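First up is the structure itself, then whatever we jot down about it.
The values are calculated or read from the model by the stated rules, or taken from the named source; none is laboratory data. Quantities reported herein were computed from a predicted structural model and do not represent experimental measurements. When we count neighbours, we look across all protein chains shown, and the Cβ atoms used for this are built from the backbone with ideal geometry, even at glycine. In case anyone asks, the SASA skips ligands and DNA or RNA and just uses the protein heavy atoms, side chains included. Shrake-Rupley method; radii C 1.70, N 1.55, O 1.52, S 1.80 Å.
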Amino acid sequence: MTGVLGLVIFDCDGVLVDTERIAVRIDVAVLAKLGWMMTEADVVERFMGRTDEYMVSQIEAYLGRPLPANWAEPFQRWYREAFDAELTPVPGIVEALDEIATTTCVASSGTHEKIRYTLGLTGLYQRFAGRIFSASDVARGKPAPDLFLHAAHRMGVDPTACAVVEDSRYGLEAARAPGMRALGYAGGLTPRRWLEAPGTVVFDDMRELPRLLR
């Protein structure tokens, strides 16, 4: 796609902060506790890039019953302790952000609370403060384009002048739908082949990103 780039929209988990490796490991343990045995590869394929609400709906469908309102409370400590101990920025993202002159923002399937928490833990929050958007802001999460269109609208940039950096196929699908430039980061858990599609640039090293955006 040609034209002047006006906005770079970053997904959060797996693109800015290296949460996916930690979260998927714990997701497997949580699902097992609930009675659904899945591998890490299963979790990546089914849930990575989707909202918490989507994951809950799938668990309830599998179990054949609704989960109690406070079902997640006992498990929150598992994620918090692991993130507090292990979470780091995605390798190369700090160097990439230092080089990117275009306006940036975050648009994530996570809640605002989670985004603030993980960006804060990794020292990235101040780079995006005031320019953070969550799937909880819109009616439909990825792969619907609603979140990215919301971010573009709030930032005052035409969708076709936006680039999206994602690490899930659902996110890339959401980026391509309104004609945004789609860049798929394959340095994380998602197999490269899941990210490859017409209109998508797939790359393995975040340090390459500034050059790809130019």
Handout entry: Condition met for L212 (open to solvent by 30 Å² or more (accessible area, probe 1.4 Å) and in a loop (DSSP other than H, G, I, E, B))
Key = no
Practice task
Take D42 and decide whether it is surrounded by 15 or more Cβ atoms within 10 Å (Cβ to Cβ), among the acidic types (D, E) and over 30 Å from H153 (Cβ atoms).
Solution key: yes
Fill in the blank from the handout: The correct count of residues that are of a type in the set (A, V, I, L, M, F, W, C) and open to solvent by less than 20 Å² (accessible area, probe 1.4 Å) in region 129-143 is 2
Practice task
Starting from region 55-72, keep only residues that are free of Cβ contacts under 8 Å to residues at least 60 places away in the same chain, then list their pairs with residues that are of a type in the set (A, V, I, L, M, F, W, C) and part of a helix (DSSP H, G or I) whose Cβ atoms are within a distance under 6 Å, requiring at least 6 positions of separation or different chains.
Solution key: M55/F47
Practice task
Could you list all residues from region 1-22 that are open to solvent by less than 30 Å² (accessible area, probe 1.4 Å) and of a type in the set (A, V, I, L, M)?
Solution key: L7, V8, I9, V15, L16, V17, I22
Exercise for the section: Within region 146-179, count every residue that is under 16 Å from the mean Cα position of the chain (by Cα), buried (at least 20 other Cβ atoms within 10 Å of the Cβ) and more than 25 Å from V43 (Cα to Cα). Expected result: 2
Practice task
Look through region 23-39, keep the residues that are open to solvent by 30 Å² or more (accessible area, probe 1.4 Å) and either assigned to a loop (DSSP other than H, G, I, E, B) or touching a Leu at 6+ places or on another chain (Cβ under 9 Å) (or both), and return whichever of them is farthest from T122 (Cα to Cα).
Solution key: G35
Problem - Lone unmet requirement of (1) under 30 Å from G130 (Cβ atoms); (2) modelled with pLDDT of 95 or more; (3) among the aliphatic types (A, V, I, L, M); (4) surrounded by 15 or more Cβ atoms within 10 Å (Cβ to Cβ) for V56 - result: (4)
Completion exercise
Those residues of region 46-66 that are closer than 25 Å to C12 by Cβ and touching a helix residue (DSSP H, G or I) at 6+ places or on another chain (Cβ under 8 Å) come to a total of 10
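Yes or no, residue by residue, for (1) crowded, with 16+ Cβ neighbours inside 10 Å; (2) of a type outside the set (S, T, Y):
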| residue | (1), (2) |
| --- | --- |
| E86 | no, yes |
| I93 | yes, yes |
| E99 | no, yes |
| T103 | no, no |
| A107 | yes, yes |
| H112 | no, yes |
| L119 | yes, yes |
| R127 | yes, yes |
Completion exercise
Going through (1) of a type in the set (A, V, I, L, M, F, W, C); (2) open to solvent by 70 Å² or more (accessible area, probe 1.4 Å); (3) under 15 Å from C12 (Cβ atoms) one by one, A69 fails only at (3)
